[in-house]
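The values are calculated or read from the model by the stated rules, or taken from the named source; none is laboratory data. All figures in this text were calculated on a predicted structure; none of them were measured in a lab. Here the Cβ positions follow ideal geometry from the backbone for every residue, glycine too, while neighbour counts run over all protein chains shown. The area values use the complete protein model at the heavy-atom level, side chains included, leaving out ligands, DNA and RNA. Shrake-Rupley method; radii C 1.70, N 1.55, O 1.52, S 1.80 Å.
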Amino acid sequence: MRVIDWTASGWEELAPHVGRIRLPGWDCTTGLVAGEDAALLIDTGSSLREGARLRADTRRLLGPDRRVTHIALTHPHFDHVFGTAAFAGVEVYGAAGIDTVFAGGGADALRADAVRHGLDPDLAGEAADLLVTPGHRVCGERTLDLGGGVRVLLANVGPGHTGHDLAVLVSAPSGPEIAFCGDLVEESGEPQAGPDAAPQRWPAALDRLLALGGEDARYVPGHGSAVNAAFVHEQRATLAGRSGVS
């Protein structure tokens, strides 16, 4: 299997076949998992322009004969999904029900939220017009075998940060287990609970995440540096205290 030089493209190596980049602007995480036969991208950035940059990055990282074959969207917020249309011919996964968020006026709502958070209106409109609805919706858990012993578990652990939170857990022959958390976990700021959050159910979502990842995994927040299980436990306690649940 190809050895990836993550740092040459400005990415951070999390394990031999797993890397991520912290995108400018909102400090969003995008992850890449490279197997022998397929490659999975986790979240796609806040615009088609950002998605195109990620596509170019992944081509450099994977090599000339390989490309991203799968995309997992951790939750339906603009800064995590607006770049998806930059990747043609990929299999796109999201939590069950994410399609209802994107349907009807959902794209316009995402566009308005993006503009409200500072995205250029033209970029927001372009991405909303080409918004990609995941063709694969995960109700419970689904495993992807990327080849070479690299396996990915997609787990619908929400609701929490939104009504449709998907965690991505990566196991490989070498290196620690890596858990991409989306915005269920945030390190560079306090967890954000918008109108689509389920605060009283968020702690239970983190319980499910921790049960899947275990105490030795590296947890990758949607925003900020990778953390350990102790950090996730602490953030869970904070959220439980805010919402008055045990």
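Can you tell me which condition V115 does not meet? The list is (1) of a type in the set (V, I, T); (2) under 26 Å from A204 (Cβ atoms); (3) in a helix (DSSP H, G or I), and all the others hold.
(2)
For the stretch 1-109, which fully contained helices (runs of 4 or more DSSP H) count at least 1 residues that are open to solvent by less than 10 Å² (accessible area, probe 1.4 Å) and of a type in the set (S, T, N, Q)?
Working: elements: 48-62, 78-81, 98-102.
So the answer is 48-62.
D145: within 19 Å of A38 (Cα to Cα) and open to solvent by 20 Å² or more (accessible area, probe 1.4 Å), yes or no?
Considered against the rule, which asks whether it is within 19 Å of A38 (Cα to Cα) and open to solvent by 20 Å² or more (accessible area, probe 1.4 Å), D145 comes out as yes.
Quick one: which strands (runs of 3 or more DSSP E) lie wholly within the stretch 142-246 and hold at least 3 residues that are hydrophobic (A, V, I, L, M, F, W, C)?
Hits in the stretch 142-246: 150-156, 166-171, 178-186.
With V132, V170 as the choices, which residue is over 20 Å from A229 (Cβ atoms) and not acidic (D, E)?
V132
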